[in-house]
Amino acid sequence: MIRNYLKIAWRNLLKNKAHTFINVTGLSVGMAVAILIGLWIWDEVSYNKNFQNYDRIVQVMQHQTFNGEIGTQTSIPIPLGTKLREDFKGDFKYAVLSSFTRNHILAYKDKSLNQFGNFMQPEAPDMLSLKMLRGSRAGLTDMSSIIISARLAKAVFGDADPMNQVIKIDNKYNVKVTGVYENLPHNCAFNDLNFIAPWDLYLTTSPYLKQAQNFWGNNAWQIIAQLNPDANINQVSARIKNLKMIGLAQNNDKVGLTFKAALFVYPMSKWHLYSEFKNGVNTGGKIEFVWMFGIIGVFVLLLACINFMNLSTARSEKRAKEVGIRKTLGSLRKQLISQFFSESLLVASFAFLFSLLLVQLILPWFNQVADKEVAVLWTNPIFWIIGLGFSLITGIIAGSYPAFYLSSFQPVKVLKGTFRAGRLASLPRKVLVVLQFAVSVILIIGTIVVFRQVQFTKNRPVGYSRDGLIQAYLQTPDIHNHFSAVRADLLRSGAIAEMAESGSPVTDLWSDNSGLTWRGKDPKLQDDFGTIDVTPEFGKTVGWKVTEGRDLSRGFLSDSSAMVVNESAVKFMNLKNPVGEIIKWHMADYKVIGVVKDMVMTSPYEPVQPTLFYFMRGQGSVADIRINSKMSTHEALGKIEAIFKQYAPGAPFNYDFTDTEYAKKFADEERVGKLAGFFTILAIFISCMGLFGMASFMAEQRVKEIGVRKVLGASVFGLWKLMSTEFVALVCISVILAIPVAFYFMQGWLKNYAYRAELSWWIFATTALGAIVITLLTVSYQSIKAAMANPVKSLRSE
């Protein structure tokens, strides 16, 4: 019996090829979107779950109150780590001090590589449950050791044994490879951690670090910890809350005590999806994208199901005579129900298989855009249960109308020709079409708003020139020690227009300080300034705009105790005539000699931070270089690299284009926009396929009516208008329903940005017009085809 049902279902599908193609294609595209989004969500929610101690790993963080507003940060002072390890053993199994992950130069023989890594305390490999391929997790107990990832081992040593080989870090100190661990997965917080070096070695690198071991006011490190099995996160947070304030009081740090610091522990399960805080309260984070894409996936799948149901129910009325004959020949109602269900399930199964093929083809592009490494979970039983279960549910829902409605027909009425579908038979289909296009319109508006917000922020004045500006990272002291010679050689080569050193790249702020005083300062005001040490060539190199006073200069010896401030700093300090004012910092006087326009160095979506630029005394972190516009970039970079190699032969020339680094600040929003745009296009495609199928069905249903109208003198344009009006009316209703919904949600989304675009009327008007045009283009083919048909053929049977 089942074989017979499937055979008849297969024949019906072949008989109506166009209807079958639309159904299978629309449903498979919808399923493919749902699978892609499902894989993306799976990757997001399984973030960091590769660690065995995932449920007990935490990061120690702090809330700091600044002028009534609470800021949250992961940066922690070094003595806190010692305090937790010694006095809170009942709460913490491990409390590991760590530097922040950054680029370092690793040299082996004549090979030098830039690699991301951390300096961490010896318990880190156990806490992170690293899977050791060579050596053991105890490899960091020796201060002159290093453990590396399999990826790094391959890059440095090839197929040779890396164990006990000596690597030089940043051209400063030699370490011995004591272990190789398995590469960490892409969806974890330490995915770019290619080596771990001992914390004790890190402390020997500069006197500054040794002093910081007892200084509670210096927040420049992080603490990753593992709680004991019986420890409660909330209780631990309460116990450590005031440790920093106690430490500051013991150090008699008056500046540090002006900030109210509250420590707490934050579980690894929330690091990725709940990383954003506002005024001391967690406001979410990437979980918003998870919900957004989840909703998009559900709605796109819903559009595909609507198509399937609409076309299935529409075509089912043409099979009324078939039902009548079957009943006359003795078919039972349950047999007819089984027959219709088998057809729907067969279509849904084909669609699911085809969707897997589409996903496999799209995945490389999808991973590139989404910055993922997801793959179809072929061996995961949950994936197959959900996929097959959905196919079953979709087939049952889509087949329910023809199965239960048509199987109830009385064969006498059907075969006599007296059967007519009720006037309201098409109402459910119209409602579904309205819902379908309403969803598409909301997606279109959302995509436009996201792209417009990104473009609006990109066009924000940044206060300097990014064209031809590169930033080379100074990981060894060689370039700094020969700065004048390097600069002179570069200028002589014609490759650069100017060069400077700075403590931070132009696209970031690596240092901020408080405790500064100036004339007229409110004693209650808690100051916090971004601070950057620069060489006097910095302003000319980056092209900042001096609005008052002058730039730093080597021609004035007094500039060693001078400052250039930005406009936000002037406004924050409430200085009427800033040039000539004295700022006291670290018991020294600094004279303000100039004011520059605000430079967007951190988030382009937020206000510019008050920032102070002062004369560099030590080594900078970055070499800022302006390439000569009269020379090709390729030729200039070759000359710059050659001169850098001449003075720093052991360090690779590691640089970034400033405009590229600035563009990375929009990466999340652009990624969301591209993915949303892709899914929106597919949603429109699915909706248009549904409209095309419905228009085809209606044209076929009204073929005799159209023939009569043509005989009576109706024009092709009049018939096209008659056929198209109904669909346009449905889409207009969709637009009217969708616009308020889209406005509400997109207005809420834009409120997350301090610097944001406004919702303009043209976005909604353009979307509405576009939806109507798309509808007309979709249904016009069938409408014009029906209108131009020869009425003699359509009326011959009459």
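Every condition in (1) in a helix (DSSP H, G or I); (2) open to solvent by less than 30 Å² (accessible area, probe 1.4 Å); (3) of a type outside the set (F, W, Y) holds for N234 except the one numbered (2). The residue that is nearest to M631 (Cα to Cα), counting only those in region 463-473 that are touching a helix residue (DSSP H, G or I) at 6+ places or on another chain (Cβ under 8 Å) and open to solvent by 20 Å² or more (accessible area, probe 1.4 Å), is G468. Taking (1) open to solvent by 50 Å² or more (accessible area, probe 1.4 Å); (2) within 35 Å of the chain's Cα centre (by Cα) in turn, Q250 satisfies each apart from (2).
Reported count of residues in region 88-113, each being open to solvent by 50 Å² or more (accessible area, probe 1.4 Å) and in a strand (DSSP E or B), is 3.
Number of residues in region 481-503 that are under 17 Å from G620 (Cβ atoms) and open to solvent by 50 Å² or more (accessible area, probe 1.4 Å): the value is 4. Checked against (1) of a type outside the set (V, I, T); (2) within 30 Å of W749 (Cα to Cα); (3) open to solvent by 50 Å² or more (accessible area, probe 1.4 Å), Y208 passes all but condition (2). Screening F116, F190 for residues that are of a type in the set (F, W, Y) and assigned to a loop (DSSP other than H, G, I, E, B) leaves exactly one candidate, F190. Taking residues in region 580-592 that are of a type in the set (G, A, S), and partners anywhere that are in a strand (DSSP E or B) and open to solvent by less than 20 Å² (accessible area, probe 1.4 Å), the pairs with Cβ atoms closer than 9 Å and at least 6 places apart or on different chains are G580/V592; G580/I593. The residue that is farthest from L193 (Cα to Cα), among those in region 114-131 that are hydrophobic (A, V, I, L, M, F, W, C) and open to solvent by less than 40 Å² (accessible area, probe 1.4 Å), is M127.
A quick yes/no check of all residues on (1) in a helix (DSSP H, G or I); (2) open to solvent by 60 Å² or more (accessible area, probe 1.4 Å); (3) touching a residue at least 40 places away in the same chain (Cβ under 8 Å):
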| site | (1), (2), (3) |
| --- | --- |
| P652 | no, no, yes |
| F685 | yes, yes, yes |
| E705 | yes, yes, no |
| A757 | no, no, yes |
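Somewhere in region 280-301, is a residue modelled with pLDDT under 80, open to solvent by 30 Å² or more (accessible area, probe 1.4 Å) and among the aliphatic types (A, V, I, L, M)? No, every residue in region 280-301 fails to be modelled with pLDDT under 80, open to solvent by 30 Å² or more (accessible area, probe 1.4 Å) and among the aliphatic types (A, V, I, L, M). Assess whether T178 counts as being in contact (Cβ under 8 Å) with a residue 24 or more places away in the chain, in a loop (DSSP other than H, G, I, E, B) and more than 33 Å from the chain's Cα centre (by Cα). Criteria not met by T178. Here K89 meets each of (1) more than 30 Å from A370 (Cα to Cα); (2) touching a residue at least 12 places away in the same chain (Cβ under 8 Å) with one exception, condition (2). The number of residues in region 137-186 that are among the basic types (K, R) and touching a helix residue (DSSP H, G or I) at 6+ places or on another chain (Cβ under 6 Å) comes to 1. Taken as a whole, the structure leaves F366 outside the set of residues that are over 25 Å from the mean Cα position of the chain (by Cα), touching a residue at least 40 places away in the same chain (Cβ under 8 Å) and in a helix (DSSP H, G or I). If the condition is being open to solvent by less than 60 Å² (accessible area, probe 1.4 Å) and either of a type in the set (A, V, I, L, M) or not in a loop (DSSP other than H, G, I, E, B) (or both), then region 570-593 contributes V570, F572, M573, L575, I583, W585, A588, Y590, V592, I593.
Scanning region 347-382 for residues that are of a type in the set (A, V, I, L, M, F, W, C) and open to solvent by 30 Å² or more (accessible area, probe 1.4 Å) yields F350, L353, F354, L357, L358, L361, I362, W365, A375, L377, W378, I382. The condition of being open to solvent by less than 20 Å² (accessible area, probe 1.4 Å) and modelled with pLDDT of 90 or more does not hold for F679.
For region 605-646, filtered to residues that are more than 31 Å from the chain's Cα centre (by Cα), hydrophobic (A, V, I, L, M, F, W, C) and part of a strand (DSSP E or B), the residue that is farthest from A488 (Cα to Cα) is L612. For region 73-87, the set of residues classified as in a helix (DSSP H, G or I) and within 34 Å of the chain's Cα centre (by Cα) consists of I78, L80, G81, listed by residue number. Scanning region 468-503 for residues that are in a loop (DSSP other than H, G, I, E, B), at pLDDT 90 or above and under 33 Å from the mean Cα position of the chain (by Cα) yields G468, G503. The selection criterion, being among the hydroxyl-bearing types (S, T, Y), open to solvent by less than 10 Å² (accessible area, probe 1.4 Å) and not in a strand (DSSP E or B), does not hold for T602. The single condition from (1) more than 24 Å from S46 (Cα to Cα); (2) out of contact with any Gly (no Cβ under 6 Å at 6 or more places or on another chain) that S269 fails is (1). Residues that are in a loop (DSSP other than H, G, I, E, B) and open to solvent by 50 Å² or more (accessible area, probe 1.4 Å) were ranked within region 430-462; the one that is modelled with the lowest pLDDT is N459. Filter region 132-165 for residues that are in a helix (DSSP H, G or I) and charged (D, E, K, R); which is most open to solvent (accessible area, probe 1.4 Å)? Only one residue fits best here, namely K154.
If we only count strands (runs of 3 or more DSSP E) wholly inside region 504-569, which ones have 3 or more residues that are of a type in the set (S, T, Y), open to solvent by 10 Å² or more (accessible area, probe 1.4 Å) and under 20 Å from A588 (Cα atoms)? Give the derivation first.
Working: elements: 529-534, 546-549, 562-566.
Filter on region 504-569 gives an empty set.
Per the conditions (1) assigned to a helix (DSSP H, G or I); (2) surrounded by fewer than 21 Cβ atoms within 10 Å (Cβ to Cβ), the sole criterion not satisfied by K49 is (1). When K645 is tested against (1) touching a strand residue (DSSP E or B) at 6+ places or on another chain (Cβ under 9 Å); (2) closer than 25 Å to I169 by Cβ; (3) open to solvent by 70 Å² or more (accessible area, probe 1.4 Å), only condition (1) is not met.
The values are calculated or read from the model by the stated rules, or taken from the named source; none is laboratory data. This structure is a prediction, so every number in the text was calculated from the model and none was measured. Ideal geometry is used to build each Cβ from the backbone, glycine not excepted, and the neighbour counts take in all protein chains shown. Heads up: the accessible areas ignore ligands, DNA and RNA and are worked out on the full protein's heavy atoms, side chains in. Shrake-Rupley method; radii C 1.70, N 1.55, O 1.52, S 1.80 Å.
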